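The values are calculated or read from the model by the stated rules, or taken from the named source; none is laboratory data. Computed from a predicted model, the values in this text were never measured in an experiment. Note: ideal-geometry Cβ built from the backbone for every residue, glycine included; neighbour counts use all protein chains shown. Surface areas here come from the heavy atoms of the whole protein model, side chains and all, with no ligands, DNA or RNA. Shrake-Rupley method; radii C 1.70, N 1.55, O 1.52, S 1.80 Å.
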Amino acid sequence: MKGVKMIVCSLIIMVMFALSGCWDTRDINHRVMPVVLGISMEGEKYKVYLQIPLPQKDTIQTKIVTGVGETINEIVDDISTNMESSVDLLHVKVIVIDRHFAEEGTKDLIAGIMRSRDVSSKAMVAICDDDIEQFFWSMEKNTSPQGTSLLDFFEKNAGWDPQIALTRVWQVYRSIHSYTRDVAIPMLRRGETTLVEHVGSGVIKNGRMVEQIDNNETLLYNAFNGESTQGKIEVTNKGSVLILGNKMDYTSNVKDDTPFLRSKISLNVMILETKGSPSRKMIEKELEKILSDRLNNMNKKLQESEADILGLGQLFRKEIPRMDLEDWRSKYFRELSTDFIVDVKIRNSGNLKGPK
């Protein structure tokens, strides 16, 4: 009998240990899953905005919940304590950072997100060029019933446009720890007739916003990162074209500690609209001049701010000794001599006949 009792007791103990592993699980019905996370600073503390979808009968509504604290995790824990459900940040798809916070520096924030893994490193990052509190209250008021309008803004199969930078948390983290690559983050504000308005991109160096580029310059930034297909470009006084494809070729070398880069951007385009009767050659040449001037002006702006969002330093990692790569932004990039060549070929004139 004692042997049987021992076996039964052992089985009970084993079952207790097995059940103890699930003590902290929560039913999905008792969890709230924000899709947008907003972050600003109030003095020395973080202020967090959570856009939470709330399923209702035959629809979904959204609610904005806020909190203030020393860390993001502390704020989320406090919000969970005051709500009837636990907050789960793993489903956050977009992180919106206040512009003033971005200019002060987000290095600690990004490091904390990567360290805790409470938020996916694949979440999109954007900068709010507006009063962030009004921005979120506006979203609560005007967001569609699906509650995913801001997410759709960055989805390629929804509202994304090639003039919008696509930057994720892990890319910002990588740039902070890279000597030769910085990033651009899209900047948004409340729209007058739309939910949001895209106003360009913030140039991020070492986790801090140091410069701003406009929509047309962001298109070139995307071209260097292979994102610029199907992008519309206006041609002054001649009409507009649609990019069908692009190709980049580079030649780089360093002579007497001075780097030189020759870059050729080849674009295949289709004519969308014309003003008057310009020839194909006229449109190609004017577009080449517009883009080359725009690219040179943007690069000059980036060199002055020592922020290499085009990743040009990646092309010189073999020419520059590793011990000197730390000086890429402050020394080599500022002295970089560039020759940007833009080659435009019209592959399609649409349904219109060209001039004879």
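Quick notes
- Per-region count, region 173-213, residues within 29 Å of R317 (Cα to Cα) and outside any strand (DSSP E or B): 12
- A single member of S292, S266, S277, S305 is touching a residue at least 24 places away in the same chain (Cβ under 8 Å), under 15 Å from Y179 (Cα atoms) and of a type in the set (S, T, N, Q), and it is S305.
- Region 237-272, residues that are under 31 Å from the mean Cα position of the chain (by Cα) and among the acidic types (D, E): D249
- Of note, R99 satisfies the criterion of being open to solvent by 20 Å² or more (accessible area, probe 1.4 Å), touching an Asp or Glu at 6+ places or on another chain (Cβ under 6 Å) and at pLDDT 85 or above.
- Residue satisfying condition, being of a type outside the set (F, W, Y), buried (at least 16 other Cβ atoms within 10 Å of the Cβ) and either assigned to a loop (DSSP other than H, G, I, E, B) or within 13 Å of the chain's Cα centre (by Cα) (or both), within set I113, I127, I79: I127
- In region 337-356, the residues that are among the acidic types (D, E) reach residues that are modelled with pLDDT under 90 with C-beta atoms within less than 6 angstrom, at least six apart or across chains, in these pairs: D343/S266.
- Number of positions in region 182-197 that are among the acidic types (D, E) and in contact with a helix residue (DSSP H, G or I) (Cβ under 7 Å, 6 or more places away or on another chain): 1
- Of all residues in region 306-331, those satisfying the criterion of being open to solvent by 20 Å² or more (accessible area, probe 1.4 Å) and either in a helix (DSSP H, G or I) or hydrophobic (A, V, I, L, M, F, W, C) (or both) are Q314, L315, R322, M323, D324, E326, D327, R329, S330, K331.
- Among residues of region 159-199 being in contact with a Ser or Thr (Cβ under 8 Å, 6 or more places away or on another chain), surrounded by fewer than 22 Cβ atoms within 10 Å (Cβ to Cβ) and in contact (Cβ under 8 Å) with a residue 60 or more places away in the chain, the one that is farthest from E326 (Cα to Cα) is R190.
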